[in-house]
Amino acid sequence: MTKIVYNRCYGGFGLSKAAWERYVELGGKAESEYDVSRTDPILVQVVEELGEDANGMCAELLIYDLPTGTKYRIEEYDGLEHIETEDSIEWSVA
């Protein structure tokens, strides 16, 4: 399984100060919270450990599980994100 961290409220992805400090403490390599890969195992661990305390201002971070190798993208509108896969998109045929 691949775990993906995403934001489920308007405002945008962001980590709390405590979450960022824990990320760095665990050896995270990103330069800032906005550069962290959403599948980074350390980020996933931080969100799992801290739960709601991982949320930055205007963020509600959740973890989405996908089978390994599944193609996906994170779609966003005003900071509210959702995960799309090939199976979740309704395709039109001309």
Item checked: Inter-residue pairs, beta-carbon under 9 Å, first within 15 Å of Thr2 (Cβ to Cβ) and in the stretch 74-94, second surrounded by fewer than 10 Cβ atoms within 10 Å (Cβ to Cβ), 6+ apart -> Thr85/Lys71; Glu86/Lys71
Next item on the list: Show the residue pairs that are 6+ apart or on different chains and have beta-carbon atoms under 7 Å apart, the first residue being within the stretch 8-19 and under 14 Å from Ile83 (Cα atoms), the second being in a loop (DSSP other than H, G, I, E, B) and open to solvent by 30 Å² or more (accessible area, probe 1.4 Å).
Entry: Arg8/Glu60; Cys9/Cys58; Cys9/Glu60
Notebook entry, point to check: Which of the residues that make up the stretch 43-62 are under 15 Å from Glu21 (Cα atoms), open to solvent by less than 40 Å² (accessible area, probe 1.4 Å) and not polar (S, T, N, Q)?
Noted result: Leu43, Val44, Val46, Val47, Gly51, Ala54, Gly56
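Go through the stretch 35-55 and give me each residue that's among the small types (Gly, Ala, Ser) and either in a helix (DSSP H, G or I) or modelled with pLDDT under 95 (or both).
Just the residues of the stretch 35-55 that are among the small types (Gly, Ala, Ser), to begin with: 37, 51, 54.
Answer for the stretch 35-55, where residues must be among the small types (Gly, Ala, Ser) and either in a helix (DSSP H, G or I) or modelled with pLDDT under 95 (or both): Gly51, Ala54.
Looking only at the stretch 63-84, which residues are surrounded by fewer than 15 Cβ atoms within 10 Å (Cβ to Cβ) and either assigned to a loop (DSSP other than H, G, I, E, B) or in contact with a Pro (Cβ under 9 Å, 6 or more places away or on another chain) (or both)?
Applying the first criterion (surrounded by fewer than 15 Cβ atoms within 10 Å (Cβ to Cβ)) to the stretch 63-84 yields 63, 65, 67-71, 73, 75-78, 82, 84.
Once the filter is applied, which keeps residues that are surrounded by fewer than 15 Cβ atoms within 10 Å (Cβ to Cβ) and either assigned to a loop (DSSP other than H, G, I, E, B) or in contact with a Pro (Cβ under 9 Å, 6 or more places away or on another chain) (or both), the stretch 63-84 yields Pro67, Thr68, Gly69, Thr70, Lys71, Asp78.
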Item checked: All positions within the stretch 20-38 that are of a type outside the set (Gly, Ala, Ser), under 23 Å from Glu84 (Cβ atoms) and open to solvent by 50 Å² or more (accessible area, probe 1.4 Å) -> Tyr34, Asp35
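Could you check the stretch 1-34 and list, in sequence order, the residues that are within 20 Å of Ile74 (Cα to Cα), in contact with a helix residue (DSSP H, G or I) (Cβ under 7 Å, 6 or more places away or on another chain) and not in a helix (DSSP H, G or I)? First the steps, then the outcome.
Pass one, the stretch 1-34, residues within 20 Å of Ile74 (Cα to Cα): 1-15, 30, 32-34.
Now drop any that are not in contact with a helix residue (DSSP H, G or I) (Cβ under 7 Å, 6 or more places away or on another chain), which leaves 3, 5, 14-15, 33.
Lys3, Val5, Gly14, Leu15, listed by residue number.
The values are calculated or read from the model by the stated rules, or taken from the named source; none is laboratory data. Quantities reported herein were computed from a predicted structural model and do not represent experimental measurements. Positions of Cβ are backbone-derived with ideal geometry, glycine not excepted, and every protein chain shown enters the neighbour counts. With ligands, DNA and RNA removed, areas are computed over all heavy atoms of the protein, side chains included. Shrake-Rupley method; radii C 1.70, N 1.55, O 1.52, S 1.80 Å.
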